[in-house]
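Encoded as structure tokens, here's the structure I'll be asking about.
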Amino acid sequence: PSSSEGSLLMVADGMGGTDGGEIASSVAVRAIADYVCNVLPWVDASARASDAPRTTLPGVRTGLHSALVQGDSEVRRAAAQAGGTDMGTTVTVAYLVWPMLYVAHVGDSRCYVLRGGVLEQVTTDHTLAVRIRERAGIDIDESSPWHHILWNALGGGEGAEIEPEVHSHVL
């Protein structure tokens, strides 16, 4: 988007232990950026120019969710073209259009907001350790390998469906 329509920021970290992590992150960034810039219904900057800040922009959360789903499809397609190679990546996308911040996320690449000198984590790590804590109320020791196993990532394995986490925040 043009600067009047906001800023798009993205981090994709290819999953360690697979040869295709670098390819997966590159494919994901390209696919998500293409989707966001060409499909997402951008809001006319003049429509936003009002004295009262908006609390949300229609369609942005759904569009970011769809962009991550599209990224997942493209990573899977690239893996199939490479002979079925396992490849995957985490992705965190932030779309900033003042005063709103929209964050879409899969994996464990975190997003933080700095407010009053305090960092606030606005994403949840999609690891088995966090999922066990959320569902069973059991805290997993920080040294556990469960903190390094993702349950949600683009290209996350055969038959896996992603569950993008999408939030909006007023800055």
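The values are calculated or read from the model by the stated rules, or taken from the named source; none is laboratory data. Treat the numbers as computed from the prediction; the structure is a model and nothing was measured. No Cβ is skipped: glycine too gets one built from the backbone with ideal geometry, and neighbour counts run over all protein chains shown. What goes into the accessible areas is simple: the full protein's heavy atoms, side chains included, and nothing from ligands, DNA or RNA. Shrake-Rupley method; radii C 1.70, N 1.55, O 1.52, S 1.80 Å.
I'm trying to understand the selection: among the residues of region 59-83, which are more than 30 Å from residue 97 (Cα to Cα) and among the charged types (D, E, K, R)?
Result: 76, 77.
Related question: Return the only residue of 61, 30, 54 being at pLDDT 95 or above and open to solvent by 50 Å² or more (accessible area, probe 1.4 Å).
After ruling out the rest, the residue left standing is 30.
Take region 36-51 and flag every residue that is open to solvent by 50 Å² or more (accessible area, probe 1.4 Å), at pLDDT 60 or above and in a helix (DSSP H, G or I).
Within region 36-51, 37, 38 meet the criteria.
Before we move on, is residue 86 surrounded by 14 or more Cβ atoms within 10 Å (Cβ to Cβ), of a type outside the set (Ser, Thr, Tyr) and more than 19 Å from the chain's Cα centre (by Cα)?
On the way: surrounded by 14 or more Cβ atoms within 10 Å (Cβ to Cβ): yes; of a type outside the set (Ser, Thr, Tyr): yes; more than 19 Å from the chain's Cα centre (by Cα): yes.
Considered against the rule, which asks whether it is surrounded by 14 or more Cβ atoms within 10 Å (Cβ to Cβ), of a type outside the set (Ser, Thr, Tyr) and more than 19 Å from the chain's Cα centre (by Cα), residue 86 comes out as yes.
Being in a loop (DSSP other than H, G, I, E, B) and within 16 Å of residue 90 (Cα to Cα) is the filter here, so list the residues in region 123-138 that pass it.
Across region 123-138, the qualifying residues are 123, 124, 125, 126.
If I ask for residues that are modelled with pLDDT of 95 or more and farther than 19 Å from residue 147 by Cα, which ones from region 76-101 would you list?
Result: 93, 94.
For region 78-122, which positions are charged (D, E, K, R) and not in a loop (DSSP other than H, G, I, E, B)?
Pass one, region 78-122, residues charged (D, E, K, R): 86, 108, 110, 115, 120.
Across region 78-122, the qualifying residues are 115, 120.
Could you list, in sequence order, the residues of region 112-171 that are under 25 Å from residue 78 (Cα atoms), among the β-branched types (Val, Ile, Thr) and surrounded by fewer than 14 Cβ atoms within 10 Å (Cβ to Cβ)?
The answer is 149, and nothing else.
While we're looking at this one, here's another question. Looking only at residues in region 6-27 that are surrounded by fewer than 17 Cβ atoms within 10 Å (Cβ to Cβ) and closer than 23 Å to residue 101 by Cβ, which one is modelled with the lowest pLDDT?
Only one residue fits best here, namely 7.
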